[in-house]
Amino acid sequence: MNQHKKTMFSMKSFYFFSFFALGGLFPLLSVYLQNEAGLSGAQIGTIMSVGPIVMLLSQPVWGMLSDYTGKPRVLLTVAVVITACTGLLYLFTYEYIWLFLIAALLALFQSPLVPLSDSMAMNYVYKHKEHYGNVRLWGAAGFAVAVWVAGNISDLAGLHVIFYIFAASMILSSVFSMRMPRESAEVNPGIKNGLGTLIKMPRFMIFLTVTFLVFGPIMANNFYFGLFIQFAGGSLAGVGLAFLLAAGSEVPFMRWAGSWIERAGVLKILFIASLISGLRWLFYAAGPSPVFIYVTTVIQGFSIGLFIPAALQYVIKIAPGEIKATAVSLYSAAGNGLGAWFFTFSAGLLIDWFGILSVYLFYGVLTLAGAVLMLVIIRQEKQVSL
């Protein structure tokens with residue numbers, strides 16, 4: 001196996017095991033906090049929402065640290081190992097305040113995993129004329145498999161097993177994080193100036209808003225999709241099936257994303273993915289039956305499976321070369337951080353006031369607003385090229 005194939009194998013393995021860890025823990029964490037720790041709904045909501053806030057604040061810092069040191073692979077490996085160890089701390093307490101602090105600490109070290117690995121992977125595949133989607137789809141596969149595996153093992157051994165699955169999978173991913181593409185030795189002393197450059201780029205700031213409006217609801221949906229299915233009359237087994245179908249459907253679309261982007265262009269793909277995602281939420285707001293919900297979970301593959309590789313490719317393309325990791329971190333913070341927190345928090349209020357269907361109406365309207373902003377970016381790009 002030549003070096004290129006080894007590097008591709010390491011990247012795919014890292015994504016599989018790191019997302020296997022996430023899929024094995026977070027879909028069942030709220031169940032553990034309720035059934036094992038005996039926390040109230042408000043306490044669980046606070047713990048689940050602290051992660052996006054911490055990520056919002058810490059991801060840009062990790063990105064700037066990566067750009068400054070020029071050693072994203074070292075930072076990634078350290079973060080992965082500490083994340084694995086932090087996850088095990090859940091086993092030692094049922095006290096709310098300690099569980100809250102553990103969740104915050106976990107988010108702090110988990111936050112650089114996606115932006116740092118995405119930045120390295122995208123730069124590598126771009127140089128070697130590969131497709132990022134062919135690498136990233138292994139993360140979607142790992143997440144989908146983990147939800148099913150962790151659910152079945154938990155039924156047999158108890159919910160506490162999810163923390164061992166999480167830690168073991170993260171440690172396995174750390175083995176491959178050390179074999180990610182070699183980082184550049186270049187050190188950039190002007191990170192603050194570079195950050196200012198990004199903020200002064202209109203299309204970059206508009207795209208951060210698009211990411212907030214489109215990716216935020218996608219992330220928040222992971223917390224409420226189960227409630228929605230049960231509201232529609234689905235069973236707990238149906239919830240697991242829906243998550244498996246939704247996450248699994250991302251794999252083929254990520255596989256096709258590269259060739260579709262080449263043919264249609266990255267901006268058109270981003271617009272189409274945003275539009276379809278918004279229409280999906282509006283369809284759910286109409287209150288369909290569980291059967292139609294299961295069938296339409298494949299739309300998640302179309303929206304996420306295309307949006308993630310296209311968005312990352314666009315950010316890498318427009319960001320100055322010396323601060324690409326910072327740009328990717330800001331992009332991740334906009335969706336995984338601020339967007340996830342805002343739409344998770346807002347949905348909780350909407351459920352109390354108007355019911356679960358209002359959540360998806362809210363998601364649909366704002367996601368479509370993001371699609372409209374994509375049209376603004378497309379128009380700006382055309383004017384620049386003239």
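Results, tabulated for the structure shown:
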| item | result |
| --- | --- |
| Listed peptides 98-105, 76-83, 140-147 by packing density, highest first (mean Cβ within 10 Å) | 140-147, 76-83, 98-105 |
| Average accessible surface area per residue within the chain, 1.4 Å rolling probe, Å² | 43 Å² |
| Dipole of the chain, positive direction: furthest Cα of LEU75, ILE162, LEU89, with charges on the beta-carbon | LEU75 |
| Hz values of 3J(HN,Hα) by residue in region 119-136 - Karplus curve (6.51, -1.76, 1.60), Gly and Pro given as x | 4, 5, 5, 5, 4, 5, 5, 5, 5, 9, 6, 9, 10, 4, x, 5, 8, 5 |
| Most to least accessible of ILE351, ILE318 (protein chains only, probe 1.4 Å) | ILE351, ILE318 |
| Viscosity 1.567 mPa s, temperature 4 °C, Stokes-Einstein D of the chain from Kirkwood C-alpha radius, µm²/s | 62 µm²/s |
| Entries in LYS12/LYS71; LYS6/LYS317; LYS71/LYS127 that, when Cα-Cα distance is taken, lie over 23 Å | LYS6/LYS317 |
| Sites matching chymotrypsin sites (Phe, Trp or Tyr not before Pro) across region 282-316 that sit in DSSP coil, with at most 10 neighbouring C-beta atoms within 10 Å | none |
| Debye intensity ratio I(q)/I(0), log10, region 10-141, q values 0.12, 0.17, 0.19 Å⁻¹ (C-alpha model) | -0.52, -0.94, -1.10 |
| Coil-residue trypsin sites (Lys or Arg not before Pro) of region 85-180, DSSP, other Cβ within 10 Å capped at 11 | LYS129 |
| Computed FRET value (nearest 0.05) for GLN380 with LEU349, which takes r as the C-beta separation and R₀ as 30 Å | 0.30 |
| Debye log10 I(q)/I(0) at q = 0.12, 0.15, 0.21 Å⁻¹ for region 90-169, Cα point scatterers | -0.53, -0.75, -1.07 |
| Per-residue [θ]222 nm for the chain (sum of -39500 (n - 2.57) over DSSP H runs n ≥ 4, rounded to 500) | -28500 deg cm²/dmol |
| Accessible surface of the chain, 1.4 Å probe, proportion on carbon and sulfur as whole % | 69 percent |
| Surrounding net charge for SER259, when Lys and Arg each add one and Asp and Glu each subtract one, Cβ distance under 14 Å | +2 |
| Neighbourhood charge, 15 Å Cβ-Cβ cut-off, centred on TYR132 and excluding it, Lys, Arg +1 and Asp, Glu -1 | +3 |
| Kirkwood hydrodynamic radius (C-alpha pairs) into Stokes-Einstein, region 311-386, 25 °C and 0.890 mPa s, D in µm²/s | 167 µm²/s |
| 10 Å Cβ shell holding at most 14 others, DSSP loop, GluC sites (Glu not before Pro): longest site-free stretch of the chain | 187-386 |
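The values are calculated or read from the model by the stated rules, or taken from the named source; none is laboratory data. Since the model is a prediction, treat every value here as computed from it, not as a measurement. Cβ: placed from backbone, ideal geometry, glycine included. Neighbour counts: every protein chain shown. SASA here: full protein model, heavy atoms, side chains in, ligands and nucleic acids out. Shrake-Rupley method; radii C 1.70, N 1.55, O 1.52, S 1.80 Å.
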